[in-house]
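The values are calculated or read from the model by the stated rules, or taken from the named source; none is laboratory data. This one's a predicted model, so the numbers in the text were calculated from it and none came from an experiment. Cβ coordinates were reconstructed from backbone atoms using ideal geometry, including for glycine residues, and neighbour counts include every protein chain displayed. Side chains are part of the model used for accessible areas, which takes the heavy atoms of the whole protein and leaves out ligands, DNA and RNA. Shrake-Rupley method; radii C 1.70, N 1.55, O 1.52, S 1.80 Å.
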Amino acid sequence: MAAEQISAGEALALAAQAGIHRLPLPTPFLVGRVNCYLIEDEPLTLIDTGPNSGKALDELELALAARGHRIEDLELIVITHQHMDHIGLLDILVRRSGAEVAALDLLAPYLAAFAESMEGDDRFAEALMLTHGVPPDIVVALRAISSAFRAWGSSGQVTKPLGDGDLLALGDRTLRVLHRPGHSPSDTVFFDEQRGILLAGDHLIAHISSNPFVSRPLGADPDVERPQALLTYMESMRATRELPSVLALPGHGDPILDHRTLIDQRFAMHSRRARKMLKLLRDRPSTAYELARAMWGNAAVTQAYLTLSEVLGHMDILVRDGLVRERTSDGVVRFEPMAGAG
């Protein structure tokens, strides 16, 4: 049966035959439930943990019990990236199970000092928003919200640091560790080359585009130069497109049965969005925040950092292509089209 002809339920059944079981847990975030995956192998392995909430913990315990397991049975927890809906229960699960923790080596210091890491991220985000035109009162409000949200996350000690290209050996399978930054600096996917199954985290999601957040690079000072998150993400997707995957299991939503077509669709979408933003610059130079307001209205206020990241990513495409330049005046960056662009 060709992968593109099977349903999501049938795809999950195929994953289950390979010993991989999806455990969707509730989150407080707009993205909805997060997919954790139980791999019934030696050691008994959980991919990601869900957020730090009693509801998520209760549902995880029920999901494990349905498979005949307890939290105390977990022997290995694998983390795909640094976002709170994927790491929040880490400390609780490790204390109850004694499980080892495997994650990208670059992520280990971040998780070990989670509160300090989040503070550095918030300082970086605050400076970025002010530089790109977000009003100070909105920045202050978002800073307070971010501080409150930290309770959904967790610190943790990585006991099995993994490098890009390493092999993570379980009893009945070997997973290739592949660093795929873009959505976050730490995004890591795990590829079962024998079965063609990709544990994709948030690197690829079928029903929504994985947002390339402009994030402080791992280990960098908060005043570091802004990374080009979307360009980095597109390069990561190009690498993933070459994998001979037959089934990708994402961090949210349904399985992905044709990752190459999905990635091609993402490239086309980003090209369209960049062109749309270029047209918005015809009237006058604009800040990234002004472009976000023009694109998404009030969502650019309530989700200022998300929409700002989207705009900056597409400005990076246009600057790379020689269609736009950025100018800084009084500490605020504005973008303007090059002569003849658009």
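Side notes on the structure shown:
- Neighbours by Cβ (under 9 Å, 6+ apart or cross-chain): first from the stretch 144-163, closer than 13 Å to Ala112 by Cα; second aliphatic (A, V, I, L, M) and open to solvent by 70 Å² or more (accessible area, probe 1.4 Å): Pro161/Leu106
- Of residues in the stretch 17-31 being within 24 Å of the chain's Cα centre (by Cα), modelled with pLDDT of 95 or more and not hydroxyl-bearing (Ser, Thr, Tyr), the one most open to solvent (accessible area, probe 1.4 Å): Arg22
- Number of the condition not met by Arg238 [criteria: (1) over 18 Å from the mean Cα position of the chain (by Cα); (2) surrounded by fewer than 13 Cβ atoms within 10 Å (Cβ to Cβ)]: (1)
- Summed over the stretch 166-190, the residues that are assigned to a loop (DSSP other than H, G, I, E, B) and either at negative phi or open to solvent by 30 Å² or more (accessible area, probe 1.4 Å) (or both) give a count of 12.
- Contact map, the stretch 307-331: first residue over 24 Å from His183 (Cα atoms), second residue open to solvent by 10 Å² or more (accessible area, probe 1.4 Å) and among the polar types (S, T, N, Q), Cβ cut-off under 7 Å, separation 6 or more or different chains; pairs are Gly331/Thr131.
- The residues of the stretch 241-257 that are in a loop (DSSP other than H, G, I, E, B) and either free of Cβ contacts under 8 Å to residues at least 12 places away in the same chain or open to solvent by less than 70 Å² (accessible area, probe 1.4 Å) (or both), listed by number, are Glu242, Leu243, Ser245, Gly251, His252, Gly253, Pro255, Leu257.
- Scanning the stretch 298-324 for residues that are farther than 18 Å from Pro212 by Cβ and at pLDDT 95 or above turns up Gly322, Leu323.
- Applying the criterion of being touching a helix residue (DSSP H, G or I) at 6+ places or on another chain (Cβ under 8 Å) and assigned to a helix (DSSP H, G or I) to the residues of the stretch 203-232, the residue that is farthest from Phe267 (Cα to Cα) is Ala229.
- Tally of residues being polar (S, T, N, Q) and touching a Leu at 6+ places or on another chain (Cβ under 6 Å) across the stretch 53-81: 0
- Residues that are touching a residue at least 60 places away in the same chain (Cβ under 8 Å), open to solvent by 20 Å² or more (accessible area, probe 1.4 Å), assigned to a helix (DSSP H, G or I) and over 23 Å from Leu30 (Cα atoms) within the stretch 83-109 comprise Asp91, Ile92, Val94, Leu106, Pro109, listed in sequence order.
- Number of residues in the stretch 45-59 that are buried (at least 19 other Cβ atoms within 10 Å of the Cβ), in a loop (DSSP other than H, G, I, E, B) and either in contact (Cβ under 8 Å) with a residue 60 or more places away in the chain or among the acidic types (Asp, Glu) (or both) equals 4.
- Residue in the stretch 32-44 that is at pLDDT 95 or above, touching a Phe, Trp or Tyr at 6+ places or on another chain (Cβ under 8 Å) and part of a strand (DSSP E or B) present: no
- Candidate set from the stretch 164-192 (those that are of a type in the set (D, E, K, R) and in contact (Cβ under 8 Å) with a residue 24 or more places away in the chain); member that is nearest to Phe267 (Cα to Cα): Arg180
- Whether a residue is in a helix (DSSP H, G or I) and at negative phi was assessed, and Asp264 passes this test.
- Verdict on Ala141 being hydrophobic (A, V, I, L, M, F, W, C) and open to solvent by 20 Å² or more (accessible area, probe 1.4 Å): yes
- Residue tally, condition touching a residue at least 24 places away in the same chain (Cβ under 8 Å) and open to solvent by less than 50 Å² (accessible area, probe 1.4 Å), over the stretch 258-280: 10
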